[in-house]
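Following: one structure in structure tokens, then a few remarks.
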Amino acid sequence: MSQNKKRKIDTECRIFNDNWSLSYFFIEYRNKAMCLICYETVAVFKEFNIKRHYESKHQNKYVNCKGNLRTSLLEKFKQNFKSERVGNVFEKYNRGKDEIIRASYEVANLIARENKSFSDGEFVKKCILASVKEIIPEKMSVFENISLSRNTITRRVEDIGGDLMTKLQIKSKTFTFFSLALDESTDVSDTAQLLIFIRGIDTDYNITEELASLESISGTTKGADIFEKVNCCIENLGLTWEKLCSITTDGAPNMVGRNTGLVGRIAELTTSKMIETPIFLHCIIHQQSLCGKIMNLEHVMNIVTKTVNFIRSHGLKHRQFIEFLNEIESEHKDVLYHNQVRWLSRGKVLKRFFDLRQEIQIFMIEKNKPVEEFENEQWMYDLAFLTDISAHLNELNLKLQKQSKTIFELISDVKSFEIKLQLFKNQILKQNLLHFKTCQEIKQNSLIDVPTNHFVSMLEQLSKEFENRFQDFKSHMTSFRLIENPLLSDENNVHENNVHEKQIII
């Protein structure tokens, strides 16, 4: 008798009937019947149990929902449930014993954010266990169950990345317009890495900025290859070319080429689709960095780089130099390497070299490698000038790097620096070195006059380079001014095609 009863339950009560979805707002989820209204579950697929739940808790509210209205309400509940599922990846581990898994995700998130090796998770676990052993040893078994192995951390980070991408895909569907910023570089394995950043705006003027994709390119990096990656990124986010308002690149030929480059291919695509061509811009920070390289002071950087390399390229000499600085209780403990890729590197290297110039001179004489330029006052003035002007350029670079700045603020920072260069020239002509602190130090102990004409010549060279750069931004200044402050715009110069609402998010 009991066997027959069990057989009846298997055949009649454990199969979900699709009609229950419309009748009682239930679905089958993880082998259980789940209410789409309150998310409570019924263990056994039995209509009596499901009906009792609906009638006791929800019938009074939804009894009048019939026909198409009930069908649309069911679809709405299903959509809300799906949205809940693609929510924060941590939420599904926030109940009961799954807190251990949640802790594993939290640690993996921190490791990824701090750019630490995934294998550091095992070391972190050792630290946790050591602390728990001393503080709450009775909870030791709980913390031992936290999995932080390299493979686990890798999976956790992949889950987090997938969750962030899902959220971005959902958010991108609300974008009215969007812009892209691209940068292509080569890693240590000579694989090209293409970074694609996105900035989008919705109807409520909420702006979203996020890394949209990191694409590895193992073959050629021609305009066609980059265009293919960008096109795939846009499609993966569910966006269309019609909503693209601008693209900012690093200025490389494969990016800005008008025929076979990325810019040319996008222009060709938009023309064929008969849609408005986006605005193409060269990264303003990159252009600013290029301006700083125009000054002809390689004779200074060559000596600085050569001296630093002599000290740091051999382990023994480097250790002896550090020990020497420690003995004399120097403010700085070492010299810095110069890295061309890091835009702020030159200014920092020069400042450290200048501050340690006396210590370096003594050390180099002891090694029978005296730096003769230290005795050349003209060269010392050039070193001081390059140190000061690099510091000013670094200050501008950091301003341009601040987050959430509009294009108007960026252009304003550049224009302010151009005016500042004019101020520098006028002050130097009057022997005023107020904004050149290291030059002041050289002047105090120098037997020759400040080479004002030489300094002014280099400042004019720098000013001219700033004037010649940023032409892509200057060509749209009429539109930018109109958006920034319509009251200060000349209506005679404004054409109906000069401005478009989507330029606000550039």
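Okay, here's what the table says:
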| item | result |
| --- | --- |
| Rel. contact order, % - alpha carbon contacts under 8 angstrom, at least six apart, the chain | 9 percent |
| 100, 311, reordered so the largest accessible area comes first (probe 1.4 Å) | 100, 311 |
| Accessible heavy-atom area order of 122, 106, highest first, probe of 1.4 Å | 122, 106 |
| Residue 205 paired with residue 114, simple spin-label distance in nm, labels 7 Å along Cα-to-beta-carbon | 4.0 nm |
| Antiparallel content of DSSP bridges confined to the chain, in %, to 5 | 75 percent |
| Area of residue 412 that stays accessible when all protein chains are in place (1.4 Å probe, Å², to 10) | 60 Å² |
| Whichever aspartates and glutamates have a C-alpha closer than 15 Å to that of residue 333, once near sequence neighbours (fewer than 8 apart) are set aside | 323, 355, 359 |
| Neighbour-limited loop hits for GluC sites (Glu not before Pro), region 298-366 (at most 12 other Cβ within 10 Å; DSSP other than H, G, I, E, B) | 329, 331 |
| Heavy atoms of residue 316 accessible to a 1.4 Å probe, total area in Å² rounded to 10 | 100 Å² |
| Region 127-189: translational diffusion in µm²/s, Stokes-Einstein, Kirkwood Rh over Cα pairs, 37 °C, 0.692 mPa s | 203 µm²/s |
| Heavy-atom accessible surface of region 326-383: percent carbon and sulfur, 1.4 Å | 45 percent |
| Global geometry of the chain, whether rounded, prolate or oblate, following the gyration tensor of its Cα atoms and the 1.5 cut on a/c | oblate |
| Inverse mean reciprocal Cα-Cα distance (Kirkwood Rh) of region 174-294, Å | 15.0 Å |
| Centroid-to-centroid separation of region 448-472 and region 323-367 [C-alpha atoms, Å] | 27 Å |
| Accessible-area order (highest first, 1.4 angstrom probe) of the listed residues 191, 220 | 220, 191 |
| Neighbour net charge for residue 413 - beta-carbon separation under 14 angstrom, K R +1, D E -1 | +2 |
| With Cα atoms, 0 to 90° folded angle of helix 223-236 axis to the chain main axis | 40 degrees |
| Heavy atoms of residue 39: accessible area, 1.4 Å probe, square angstrom to 10 | 90 Å² |
| Using a Förster distance of 30 Å, the FRET efficiency for residue 365-residue 452 (Cβ separation, nearest 0.05) | 0.40 |
| Per-residue [θ]222 nm for the chain (sum of -39500 (n - 2.57) over DSSP H runs n ≥ 4, rounded to 500) | -17000 deg cm²/dmol |
| Extension gain, residue 320 back to residue 236 (0.36 nm per residue minus Cα-Cα distance, nm) | 24.7 nm |
| Positive minus negative residues near residue 208 (Lys, Arg vs Asp, Glu; Cβ under 14 Å) | +1 |
| Per residue accessible area in Å² of the chain, where ligands, DNA and RNA are left out and the probe is 1.4 Å | 59 Å² |
| Which listed pairs, of 351/399; 437/474; 61/171; 66/243, have C-alpha distances above 29 Å, in listed order | 437/474; 61/171; 66/243 |
| Accessible surface of region 17-166 [probe 1.4 Å, protein heavy atoms]: carbon and sulfur percent | 49 percent |
| Environment charge at residue 297 (Cβ cut-off 11 Å; Lys +1, Arg +1, Asp -1, Glu -1) | 0 |
| FRET efficiency estimate (nearest 0.05) - Cβ-Cβ, residue 150 to residue 328, R0 41 angstrom | 0.35 |
| Förster radius 25 Å - calculated FRET efficiency between residue 298 and residue 467 (Cβ-Cβ, nearest 0.05) | 0.65 |
| Residue among 320, 387, 131 farthest towards the positive dipole end of the chain, charges placed on Cβ | 131 |
| Nearby lysines by direct alpha-carbon distance to residue 133 (threshold 19 angstrom, same-chain neighbours under 8 apart not counted) | 125 |
| Candidate aspartates and glutamates for bridging to residue 167, where Cα separation is under 12 Å - those fewer than 8 sequence places away on the same chain excluded | 84, 210 |
| Taking the convex hull of Cα positions in region 277-388, its mean projected area over all directions (nm²) | 8.7 nm² |
| Cα lying deepest toward the dipole's positive end in the chain, options 58, 419, 362, charges on Cβ | 58 |
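The values are calculated or read from the model by the stated rules, or taken from the named source; none is laboratory data. As the structure is a prediction and not an experimental result, all values here were calculated from the model. Every residue, glycine as well, gets a Cβ built from its backbone with ideal geometry; the counts of neighbours run over all protein chains shown. Just the protein is used for accessible areas: all its heavy atoms, side chains included, with ligands, DNA and RNA removed. Shrake-Rupley method; radii C 1.70, N 1.55, O 1.52, S 1.80 Å.
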